[in-house]
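S.K.: Take this structure, written in structure tokens, and hold onto it; I'll ask about it next.
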Amino acid sequence: MIKSLVLPSKALKFPVGKIKGPRQLRCKGPKMELTLTQPDDWHLHLRDGDMLEAVVCHSASHFGRAIVMPNLKPPITTTAAAVTYRESILKALPANINFTPLMTLYLTDTTSPEEIKFARRSGVVFAVKLYPAGATTNSQDGVTDLFGKCLPVLEEMAEQNMPLLVHGEVTNPDVDVFDREKVFIETVLQPLVQRLPQLGVVMEHITTMDAVRFVESCKEGSVAATVTPQHLLLNRNSLFQGGLQPHNYCLPVLKREIHRQAIVAAVTSGSKRFFLGTDSAPHERRRKECSCGCAGIYNAPVALSLYAKVFDEAGALDKLEAFTSFNGPDFYGLPRNTSKIKMIRTPWKVPESFSFSFGDIIPMFAGETLEWQPSLI
Ligand SMILES: NC(=O)N[C@@H](CC(=O)O)C(=O)O
Ligand SMILES: [Zn+2]
Ligand SMILES: [Zn+2]
């Protein structure tokens, strides 16, 4: 069924210079190599069925683990469903690939505190995801009133040390789409961390300087954020450059350049509060290129190259490994990976598309040439 799976090549034909210390990390030679502890992806959409089989290797060939989002149709609202979904992910993996899916539950108005206890005991559920109802793809079963409906569950999560992962946007149609993250911080997140300071919170896919400031103002180790390649590399001009660009449309939507710069500064500062979460969100081409296109950018095949590009351009390659491989597991209280990957500085061309029996998926930066190429050791 899979017609093509083009990944950055694993064996390079020419020798590359080894880079070890930070002094060499800053050098700008054409051929350069970094060795990193294997990264994890702390925010990933793997979907199910044919789409799962199509995309899973793009993540599993480089990442050791991934926090798998539960916004399927129907959503993964119970531990039992998470266990079944996990089995289907493992079944979709080739036998020789080591990849651990870390499952999440989709929070609803009716999730019970008992479900959180089951989830913790299962050993396979690592977090609970808050989608404000209507905020993003497949969020219609999400939460309508967090404080009114979910406080007992949130208290149980704090008790069980189960973090809350947040799609941080209000859904009020009166709020401008570019302000929805900021208003969410003011009206939901700030009150939440005041009310339940023991609850672990990850603000997912942050897009604004307001989010950076909020996360930095909270206690380290209790509130953190994931950051995507698109919010580090693109601003809202990319949505309209030369015409409407549906493959750059995701939620929360890309913001102004000053916000992008604030996020780059935050991740390259070396702060432990920020870690890698691609939000790779595949949609079939026809669902992106149409009159009412889906939100979501497919970046799994290019994500590591793009993160390396951001840190390289900021002169902060020495901070890359903490962002990709240490801060996430440290926040979740999980061991860091022991295997390594190499990032090799050599040009490679991103495929224009990936074709499957059900249709095509267009990756982020399709057809463009990138500099850093990941490869497992
Ligand atoms: N990021 C997106 O634009 N889309 C995600 C959902 C999400 O993470 O909000 C998806 O599932 O397609
Ligand atoms: Zn989201
Ligand atoms: Zn997402």
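The values are calculated or read from the model by the stated rules, or taken from the named source; none is laboratory data. Values in this document were obtained by computation on a predicted structure and should not be read as measured data. Positions of Cβ are generated from backbone atoms using ideal geometry, with glycine treated the same way; all protein chains shown enter the neighbour counts. Heads up: the accessible areas ignore ligands, DNA and RNA and are worked out on the full protein's heavy atoms, side chains in. Shrake-Rupley method; radii C 1.70, N 1.55, O 1.52, S 1.80 Å.
S.K.: Could the peptides 100-110, 217-227, 63-73 be put in order, highest first, of the mean number of other beta-carbon atoms found within 10 Å of their residues?
M.R.: The peptides rank, most packed first, as 63-73, 100-110, 217-227.
S.K.: On the accessible surface of the chain, probed at 1.4 Å, how many percent belong to carbon and sulfur atoms?
M.R.: For the chain, the apolar C and S fraction of the accessible surface comes to 51 percent.
S.K.: Among S375, H45, P74, which residue has its Cα furthest toward the positive end of the charge dipole of the chain, with +1 on Lys/Arg Cβ and -1 on Asp/Glu Cβ?
M.R.: Looking along the dipole axis, the top candidate is S375.
S.K.: Additional query: Can you sort W348, W42 by solvent-accessible area, 1.4 Å probe, largest first?
M.R.: Listed by decreasing accessible area, they come as W348, W42.
S.K.: Using a probe radius of 1.4 Å on heavy atoms only, what accessible surface per residue do you get for the chain? Whole Å² is fine.
M.R.: Values: 15440 Å² over 377 residues.
For the chain, the solvent-accessible area averages 41 Å² per residue.
S.K.: From the phi angles alone, apply the Karplus equation (6.51, -1.76, 1.60; θ = phi - 60°) to the stretch 93-98 and give each ³J(HN,Hα) in whole Hz, x where the residue is Gly or Pro.
M.R.: Once θ is set to phi - 60°, the couplings for the stretch 93-98 become 8, x, 4, 8, 9, 9 Hz.
S.K.: Straight-line reach from K349: which aspartates and glutamates have a Cα under 16 Å away, not including same-chain ones fewer than 8 places off?
M.R.: E368, E371
S.K.: Then there is this: Among the DSSP beta bridges whose two residues both lie in the stretch 24-173, what percent are antiparallel, rounded to the nearest 5?
M.R.: Close to 0 percent.
S.K.: Let me have the 222 nm mean residue ellipticity of the chain computed from DSSP H runs of 4+ only, each contributing -39500 (n - 2.57), with the sum over all residues rounded to the nearest 500.
M.R.: Numbers: 14 runs with 112 residues, N = 377.
Helix-only estimate at 222 nm: -8000 deg cm²/dmol.
S.K.: Within the stretch 40-303, how many Lys pairs sit with Cα atoms under 16 Å apart, leaving out pairs fewer than 8 places apart on the same chain? Before the final figure, lay out each step's value.
M.R.: Values: K73/K129; K117/K129; K129/K149; K182/K255; K219/K272.
Lysine pairs, 8 or more places apart or on different chains, close enough: 5.
S.K.: Considering amide H positions built from the backbone, and no H for Pro or chain starts, which residues 5 or more places from L102, or on another chain, come under 5 Å of its amide H?
M.R.: Under 5 Å from the amide H of L102: A66, I67, V68.
S.K.: Per residue Cα convex hull volume for the chain, in cubic angstrom?
M.R.: 133
S.K.: Name the long-range amide H neighbours of D109: under 5 Å, sequence gap of 5 or more, or other chain; modelled H, no Pro or chain starts.
M.R.: Under 5 Å from the amide H of D109 lie the amide H atoms of T144, each far enough along the sequence or on another chain.
S.K.: Here is a follow-up. Based on the Cβ-Cβ distance from I377 to L334, what FRET efficiency comes out when R0 is 25 Å, to the nearest 0.05? Don't skip to the answer; put the middle values down first.
M.R.: Details: r = 21 Å, r/R0 = 0.85.
So, using R0 = 25 Å, E works out to roughly 0.75.
S.K.: Take the Cα of L244, step 7 Å along the line toward its Cβ, and report every residue of the stretch 277-315 whose backbone nitrogen sits under 15 Å from that point.
M.R.: Backbone N within reach: 286-296.
S.K.: When only Cα pairs under 8 Å and 6 or more residues apart are kept, what is the percent relative contact order across the stretch 40-303?
M.R.: 17
S.K.: While we're looking at this one, here's another question. Please find the FRET efficiency linking S88 to F147, where r is the Cβ-Cβ separation and R0 is fixed at 51 Å, and quote it to the nearest 0.05.
M.R.: Using R0 = 51 Å, I get an efficiency of 0.90.
S.K.: Quick check on the chain: of the DSSP beta bridges with both residues there, what percent are antiparallel, nearest 5%?
M.R.: Of those bridges, close to 40 percent are antiparallel.
S.K.: If you don't mind, there's one more thing I want to ask. Given F331, V267, P351, which one lies farthest toward the positive end of the charge dipole of the stretch 262-377, if we put +1 on the Cβ of every Lys and Arg and -1 on the Cβ of every Asp and Glu?
M.R.: F331
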